[in-house]
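Scroll down for the structure; my scribbles are underneath it.
No lab work stands behind these numbers, since they all come straight from the coordinates. The structure presented is a predicted model; accordingly, all values stated were derived computationally and were not measured. Note that we place each Cβ from the backbone using ideal geometry, even for glycine, and neighbour counts take in every protein chain shown.
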Amino acid sequence: MAQGFRQISRNEHLPARIAAQFAQLIHKGTIKPGDKLPTEHSMAQTFGVSRTVVREAIAQLRNEGLVETRQGVGAFVVERQARHIRLGDGGLMDNHAFQDLFQLRVPLEIEAAGLAALNHTEEQMGLLEEALLRMSASDDWNTEGVAADLEFHRIIALATGNDYFDQFISAIADRVGHVIIAAREQIMLDEIKSITIEEHGAIRDAIHARDPIAARQAMRSHLKGSASRVGLQLKFFI
């Protein structure tokens, strides 16, 4: 199973890159529905990463509907008709790719925030709080921090009550991870951490208050800030 995989560069978002390699093999049919993925230990050795990174990669594949996990047994590829949307592996991204990504994120995530404010459950609110706490406590922003950030946005998608938001936001998670890492390379760690927590906290507060207008505004501010940190100036038409 190790054949066809490559070592992961340290400057990449590790879980997303591992997930992308497995997704490519799954879509090609090299790994077929019903096949069991290698063990965490085996994958950690193959990619030269920790088991924590491997768990996050499997979680991303599960979120995207490519695999299912069975407690105490492992992760298995699911049938094609059960899968969610998955974009091809985009590799490294330039400013043009960032611009295209934000043009999609703006209407998608602003609307998701508004719907989440109206439709979230108490359990989802708790998960959102946990993701924010993990972001605050993370010492490794390029792995744990990015994973918690992406999870925060995915929980908002789930809280809309509309499965399509979850599918689309999960599909672009790899690209969003690139943006997060690129932004954090431009600003001092303590500063970017403070800004990120503040922006996400405002979104959390508005959703918790069940205020869809404030939630949309908070998400809009976050996306505008995120874009500016990679050198983009967004134009809003909504």
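Given R₀ = 41 Å, what would the calculated FRET efficiency be for PHE76 paired with GLU122, taking r from the Cβ atoms and rounding to 0.05?
0.85
May I ask you to list the chymotrypsin sites (Phe, Trp or Tyr not before Pro) in the range 144-238 that are in a DSSP loop and have at most 10 other Cβ atoms within 10 Å of their Cβ?
PHE236, PHE237
What percent do you get for the relative contact order of the range 95-228 when only Cα pairs under 8 Å and 6+ apart count?
38
Note down the net charge around LYS235, summing +1 for each Lys or Arg and -1 for each Asp or Glu among other residues with Cβ under 15 Å from its Cβ.
+2
Viscosity 1.306 mPa s, temperature 10 °C: what is the translational diffusion coefficient of the range 95-228 from Stokes-Einstein with a Kirkwood Rh over Cα pairs, rounded to a whole number of µm²/s?
109
Rank these for me by crowding, ARG175, ARG70, ARG62, going from fewest to most other beta carbons within 10 Å.
ARG70, ARG62, ARG175
Order of GLU79, GLU130, GLU64 from fewest to most other C-beta atoms within 10 Å?
GLU79, GLU130, GLU64
Please order LEU115, LEU104 by the number of other Cβ within 10 Å, starting at the fewest.
In increasing order of surrounding Cβ atoms, one gets LEU104, LEU115.
Using 0.36 nm per residue, how much length does the chain from ILE213 to THR39 gain when fully extended, once their Cα-Cα distance is taken away?
Values: separation 174, 0.36 × 174 = 62.64 nm, distance 4.52 nm.
Stretched out fully, the ILE213 to THR39 stretch lengthens by 58.1 nm.
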